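To keep things clear, I will list the structure first and then write my remarks on it.
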Amino acid sequence: MIHNLNFRLLAAFTVVIIVTIGAAFFLTYQNTRNEITQMGERLELNQNKSMQQELSRYFQIVNNWDSIQPFIEQWGQLYQRRIILTDNNNVVVADSDGQLLGSAYSDSLVDKEMAQIPISSTGQLLEIIIPHGQGKPWIASITSDTIGMLYVVHGDFPNINSTALQITYDSIGSYYLWGGLVAIVLAVLLAFLLSRRILAPVKSLINATRQFGRGNFSHRVEDKDRGELGELANSFNSMAKNLERNERLRRDMVADVAHELRTPLSNLKGYLEAINDGVVKPDEATIRSLNEEASSLSHLVADLQELSLADAGELKMTFQSENIKSLIQEAVDASQSKAAAKGLKLIAELPDELPALNIDAHRIKQVLYNLLDNSIAHTGKKGKITIKALEKTNLISVSVADTGKGIPSEDLPMIFERFYRVDKSRTRTTGGSGLGLTITKRLVEAHGGKISVESRPGKGSTFTFTLPVSSKISAAAT
Ligand code: ADP
């Protein structure tokens, strides 16, 4: 359960949501607290200033503090703060609590911290001094026309008592708690749906790999997702396609090989049984036939082995600087007698100079012999076979052209495929193994070259292969 990706995503979402809501709650709570404190301070300042002005105006009219006590008492009740007024001699002339009337004022007589508010005879707003205040907190400074001092309890916010504050904090807290809980439930629900959506492609990939494990290579995943998961699905599908292709090739290969081996083996078996039954005499001709069957079988096996090595990129190659012109010449000279026996003209048209190539001479000769043998085999009497070599930019191109029967255009695309023969009726004994051109192509490619064919039925065929001059050897072939 804990390792389940769905669960992990859900847990991650939930943690993020809780942290976000917690942080928002903390910040709002803190800000509200600050706001309320500042509001209280502003309220206190405004009340103090209005009392300062009122008292100043009162003195201007009455000219003494004799009847001020009832006003101070009223303010005390109204603002719910202790308010004390002294005259210029520091004698208490009014006290909202009435206790200190007539006595000399001292901070020690009151157990609260008091703001000190000078009252001016001119109505001027003088500087109010608050406990722990910094610099000049508010307006003017004390002057000679001060006619008294008002002391008001500082910091006990008027009208906003601590219960009211607590209620505010509590309600914010409960809004957040319930709001947060609802948000978490909704978010978890959403996260659940989202994570299911996000994980759907992953699940289909898991399902696909399972199918693969069971050998079902045709299974594909939907790749409609655009992001990385879509890319993953895409590369999975192309991997699946390759695997399916390789698996099909492997199966075909086994089937092809079995098919190719069956005929010569049953021929051999037939001959041997006939000899055994006394139907055929084990004379020289029979033994030659048997030998031919056996040697073409061993050729086939050798070709197959070479092809499988080439397919696996494990062909043993020895690359060294070689003169391609002499290699071609050698192959032409060696094939002359075979061509002559069929009444064919075999000529080489080679330039005076060709650059040395970094190649495996033995393999390139094998390519040349394969192409020349095919041309000789598929060209009728009085035909002509021409081998040419040309130097092009960064490569040498070698072509073997014949005036033979050619290859039908529908067969051309398959000509380099394993066991492909144009004339299906030709058997391994009358024709080749059908592997010659496949091996030839692999050998050319192992040299970093390419092979192609052009052919017109009835006119002849031209096989052309290239070899890079700065022979970039394919790693697989070394
Ligand atoms: P094989 O061993 O049968 O010759 P290859 O792979 O060498 O097999 O050739 C495949 C087929 O291509 C041959 O069976 C033949 O039909 C055709 N082919 C190859 N070379 C030529 C050519 N020069 N002219 C006509 N057909 C050719």
Study note, to complete from the structure: Residue pairs within 6 Å by beta carbon, gap of at least six or interchain, first lying in region 431-458 and farther than 22 Å from residue 264 by Cβ, second within 12 Å of the ligand (Cβ to nearest atom) and among the aromatic types (Phe, Trp, Tyr), listed first then second, are 441/416; 453/463
Practice item. Name the residue, out of 350, 371, 346, 304, that is under 30 Å from residue 245 (Cβ atoms), in contact with a strand residue (DSSP E or B) (Cβ under 6 Å, 6 or more places away or on another chain) and not polar (S, T, N, Q). Key: 371
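Residues checked against (1) more than 8 Å from the ligand (Cβ to nearest atom); (2) within 16 Å of residue 373 (Cβ to Cβ); (3) modelled with pLDDT of 80 or more:
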{"position": "417", "(1), (2), (3)": "yes, no, yes"}
{"position": "427", "(1), (2), (3)": "yes, no, no"}
{"position": "433", "(1), (2), (3)": "no, yes, no"}
{"position": "437", "(1), (2), (3)": "no, yes, yes"}
{"position": "448", "(1), (2), (3)": "yes, no, yes"}
{"position": "452", "(1), (2), (3)": "yes, no, yes"}
{"position": "458", "(1), (2), (3)": "yes, no, yes"}
{"position": "476", "(1), (2), (3)": "yes, no, no"}
Check your understanding: Would it be correct to say that residue 328 is of a type in the set (A, V, I, L, M) and part of a helix (DSSP H, G or I)?
Key -> yes
**Study point:** Condition check for residue 220: surrounded by 12 or more Cβ atoms within 10 Å (Cβ to Cβ) and not in a helix (DSSP H, G or I)
**Key:** yes
Check your understanding: Got a sec? Which of 244, 231 is surrounded by 12 or more Cβ atoms within 10 Å (Cβ to Cβ), within 21 Å of residue 308 (Cα to Cα) and modelled with pLDDT of 85 or more?
Key -> 244
Check your understanding: Is it fair to say residue 81 is surrounded by fewer than 20 Cβ atoms within 10 Å (Cβ to Cβ) and of a type in the set (Lys, Arg)?
Key -> no
Check your understanding: Which residue pairs have Cβ atoms under 7 Å apart, sit 6 or more places apart or on different chains, and have a first residue in region 396-412 that is among the acidic types (Asp, Glu) and a second that is within 10 Å of the ligand (Cβ to nearest atom) and in a strand (DSSP E or B)?
Key -> 402/385; 402/460; 402/461
Exercise for review: Restrict the check to region 372-390 and report whether at least one residue is polar (S, T, N, Q), assigned to a helix (DSSP H, G or I) and either in contact (Cβ under 8 Å) with a residue 24 or more places away in the chain or crowded, with 17+ Cβ neighbours inside 10 Å (or both).
Suggested key: yes
Check your understanding: Of the residues 368, 357, 395, which single one is more than 10 Å from the ligand (Cβ to nearest atom), closer than 30 Å to residue 253 by Cα, crowded, with 17+ Cβ neighbours inside 10 Å and not basic (Lys, Arg)?
Key -> 368
Review point. Residue check: is residue 352 of a type in the set (Asp, Glu) and in a helix (DSSP H, G or I)?
Key: no
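The values are calculated or read from the model by the stated rules, or taken from the named source; none is laboratory data. Just so it is clear, the structure is predicted and the values come from calculations on it, not from any experiment. When we count neighbours, we look across all protein chains shown, and the Cβ atoms used for this are built from the backbone with ideal geometry, even at glycine.
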